[in-house]
1. Restricting attention to region 163-177, and to residues there that are open to solvent by less than 10 Å² (accessible area, probe 1.4 Å) and touching a strand residue (DSSP E or B) at 6+ places or on another chain (Cβ under 6 Å), which single residue is nearest to residue 196 (Cα to Cα)?
2. If a residue has to be assigned to a loop (DSSP other than H, G, I, E, B) and of a type in the set (Ser, Thr, Tyr) to count, how many in region 311-349 make the cut?
3. Starting from region 24-44, keep only residues that are more than 15 Å from residue 13 (Cα to Cα) and at pLDDT below 85, then list their pairs with residues that are assigned to a loop (DSSP other than H, G, I, E, B) and open to solvent by 30 Å² or more (accessible area, probe 1.4 Å) whose Cβ atoms are within a distance under 9 Å, requiring at least 6 positions of separation or different chains.
4. Give region 243-283 a look and list any residue that's part of a loop (DSSP other than H, G, I, E, B) and among the β-branched types (Val, Ile, Thr), or say none.
5. Could you tell me which of the residues 29, 59 is more than 30 Å from residue 216 (Cα to Cα) and open to solvent by 50 Å² or more (accessible area, probe 1.4 Å)?
6. Going by what's in this entry, would residue 181 be described as touching a Phe, Trp or Tyr at 6+ places or on another chain (Cβ under 9 Å) and open to solvent by less than 80 Å² (accessible area, probe 1.4 Å)?
7. Would you mind finding the one in 162, 111 that is within 26 Å of residue 346 (Cβ to Cβ) and in contact with a helix residue (DSSP H, G or I) (Cβ under 8 Å, 6 or more places away or on another chain)?
Amino acid sequence: MKKFQIGIISCGGTISMEKGRNGALEPKKTIGDILRAINLKEISSRIQISSENRVELFKLDSTNLNQSHWRQIINCVEKMQDSCDGILIFHGTDTMAYSATAVGLTICQKLKIPVVFTGAQKPIGEVGSDATSNVERSLMVVEKAIENKVIEVMIFFDNLALRGVNSRKRSESEFNAFETPNYSPLFVVDGMGVRIGIVGRKHEDIVRSKNKIGVNLRNEFSNGIIPLSIVPGLELEALIAIAERDFCQVVILNSLGVGNVPSEGKYSIVSAIDRIVHKMKKIVIVTSPFVGGSVNMKVYLPGKLAMEAGAIDAGSMTAEATLVKTRLILAHPEFGRSVDSFRKALLLNFAGENPSSP
């Protein structure tokens, strides 16, 4: 029986950590160290993880990862997918949703194999760690995805494989650390093995993304995006001062509800949005702070006023996906630079990140 070739990329994170000289946890363990700590005997007859398909990309706490690291992960996945049937990525939890979203969006037109991100809330080797089960079960998910021709970037934690582009971290300590606000799990691992949840993306979905988007996506991300949380009493002067800076291209406002922003009196954000969009010619996006929430700026008057002032609603995307997708779109001038063209690109559903849009 032919064995599936599985590639592994390590970015560090808690799964690879041990205490350093000052007693603090640091990423130190290699891919080999992690694999030696798990039970591969059961599945080694069906999969192979050769030394040529193991890449020690970073040894970093994921708090330190950014768009420059996303590009390296994406490059690595693109190169490795021609020699592997599936890829497993070890990554820290703090920014895993951002990295998985970046990979899932950027190569949504040319992904060929399933990719699964996993990690741990406790380092491998520690008593009670979730690292061993996460790695073993992730490999089971990769195998199941290959068998079912699922071509998707996923996050696996505890017993769930989730759509990466709609994922977010939900807990800093619980073993079921991630969730997808708008989707059920792609796969569930339990005592009966690996069960299929919702239908994952297939080859035809990859082709559809290429045709629908209309721009050949490159591995590039723009700077100049400023995310801000709207709070009661946010001074307009502060918002305007940030937006006026040359480096600022887009302001993302994390709203107080389904897209509501203060609209009356001295703390009205609406006038600031109008000034940023129409005088400064910059983009303003409004997101929802709620897990599972969507932005609908037509429901309440404050949101409708903000939309009329030129703000773009983020639909049902997570805050993580909104940020990553904005960086990606800005790096592709082919999408256009007007508010209308940016809105069209942002709300277009690339890979399942915005299920409320086409």
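1. So the residue we want is 164.
2. Our first condition is that a residue be assigned to a loop (DSSP other than H, G, I, E, B); within region 311-349, this holds for 311, 314-318, 331-332, 336-338, 348-349.
Then drop every residue that is not of a type in the set (Ser, Thr, Tyr), which leaves 316, 318, 338.
Final tally of qualifying residues: 3.
3. From residues that are more than 15 Å from residue 13 (Cα to Cα) and at pLDDT below 85, the pairs are 44/3.
4. Residues of region 243-283 that are part of a loop (DSSP other than H, G, I, E, B), as a first pass: 245-249, 255-264, 268-269, 280-282.
Answer for region 243-283, where residues must be part of a loop (DSSP other than H, G, I, E, B) and among the β-branched types (Val, Ile, Thr): 258, 261, 269.
5. Working: 29 fails: open to solvent by 50 Å² or more (accessible area, probe 1.4 Å).
On inspection, the qualifying residue turns out to be 59.
6. On the way: touching a Phe, Trp or Tyr at 6+ places or on another chain (Cβ under 9 Å): yes; open to solvent by less than 80 Å² (accessible area, probe 1.4 Å): yes.
For residue 181, the condition - touching a Phe, Trp or Tyr at 6+ places or on another chain (Cβ under 9 Å) and open to solvent by less than 80 Å² (accessible area, probe 1.4 Å) - is met.
7. On the way: 162 fails: in contact with a helix residue (DSSP H, G or I) (Cβ under 8 Å, 6 or more places away or on another chain).
Answer to the check: 111.
Quick grid of which residues meet (1) within 18 Å of residue 353 (Cβ to Cβ); (2) of a type in the set (A, V, I, L, M, F, W, C); (3) touching a helix residue (DSSP H, G or I) at 6+ places or on another chain (Cβ under 6 Å); (4) open to solvent by less than 40 Å² (accessible area, probe 1.4 Å):
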{"site": "198", "(1), (2), (3), (4)": "yes, yes, no, no"}
{"site": "209", "(1), (2), (3), (4)": "yes, no, no, yes"}
{"site": "236", "(1), (2), (3), (4)": "no, yes, yes, yes"}
{"site": "239", "(1), (2), (3), (4)": "no, yes, yes, yes"}
{"site": "242", "(1), (2), (3), (4)": "no, yes, no, no"}
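The values are calculated or read from the model by the stated rules, or taken from the named source; none is laboratory data. Since this is a predicted model, take the numbers as computed values, not measurements. Cβ atoms come from the backbone with ideal geometry, glycine included; neighbour counts cover every protein chain shown. Please note that ligands, DNA and RNA were not included when accessible areas were found on the heavy atoms of the full protein model with its side chains. Shrake-Rupley method; radii C 1.70, N 1.55, O 1.52, S 1.80 Å.
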